[in-house]
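Below: one structure, written as structure tokens.
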Amino acid sequence: MSVSVLFVCLGNICRSPLAEAALRQECAATGLNIIIDSAGTGDWHVGHAPDKRAQAVAIRNGVDISHFRGRQVSAADFHDFDHVIALDNQNLSDLKAMKPASAVVEISLLSDHVAGRAGEDVADPYYGEEADFDQTWAEVTEAARNLRKLLEAE
Ligand code: 4NP
């Protein structure tokens, strides 16, 4: 069975779709076949396409995410995915609170997969500018490279 990874942020229109895109790109480039998805802890953007600025930074880096659609994380996700990865510490504590007791899932913080950045948030670029989305992309691609190596070994 394939290893599966779910990235989770607040809205599922900025950071977690970019993390999903970065890991998809990394796995496609290296031939690793895994299941990758993203979701939000909030429900405001269920069914919505990613933020235009997130779509734009993805395109600038060679990935089209215009077909992604927002969804909210559910209890079933903790059974369906091997790894649930939070983009910031608030998402992490929300996920830990939601996890059904019976679920055997690895919940981690994205930055814990980047050397020297353990415990840090991926800052929310939603109220920021284009440069903030470039910063988000840089952070999620570095984590994706490290995650790919970790997942390859599973
Ligand atoms: P994300 O950014 O969590 O990176 O998708 C946000 C997008 C929308 C909202 C908050 C964060 N919002 O409040 O609508």
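Worth pointing out:
- 1 or more residues away from the ligand (no atom under 16 Å from the Cβ) and in contact with a Phe, Trp or Tyr (Cβ under 6 Å, 6 or more places away or on another chain): qualifying strands (runs of 3 or more DSSP E) within the range 1-108: 4-9
- Arg60 meets all of the listed conditions (1) out of contact with any helix residue (DSSP H, G or I) (no Cβ under 7 Å at 6 or more places or on another chain); (2) within 23 Å of Ala138 (Cβ to Cβ); (3) crowded, with 23+ Cβ neighbours inside 10 Å but one, namely (3).
- Residue check, Asp132 within 11 Å of the ligand (Cβ to nearest atom), free of Cβ contacts under 8 Å to residues at least 40 places away in the same chain, surrounded by 16 or more Cβ atoms within 10 Å (Cβ to Cβ) and not in a loop (DSSP other than H, G, I, E, B): yes
- Of the criteria (1) in a helix (DSSP H, G or I); (2) among the basic types (Lys, Arg); (3) surrounded by 15 or more Cβ atoms within 10 Å (Cβ to Cβ), which one Arg117 fails: (1)
- Close pairs from the range 34-48: first at positive phi, partner among the basic types (Lys, Arg) and part of a loop (DSSP other than H, G, I, E, B), Cβ under 6 Å, at least 6 apart: Gly47/Arg69
A short reminder: the numbers here are calculations on the coordinates, not readings from a lab. Fair warning: this is a prediction, and the values are worked out from it, not measured in the lab. Reconstructed Cβ throughout: ideal geometry from the backbone, glycine too, with neighbour counts over all protein chains shown.
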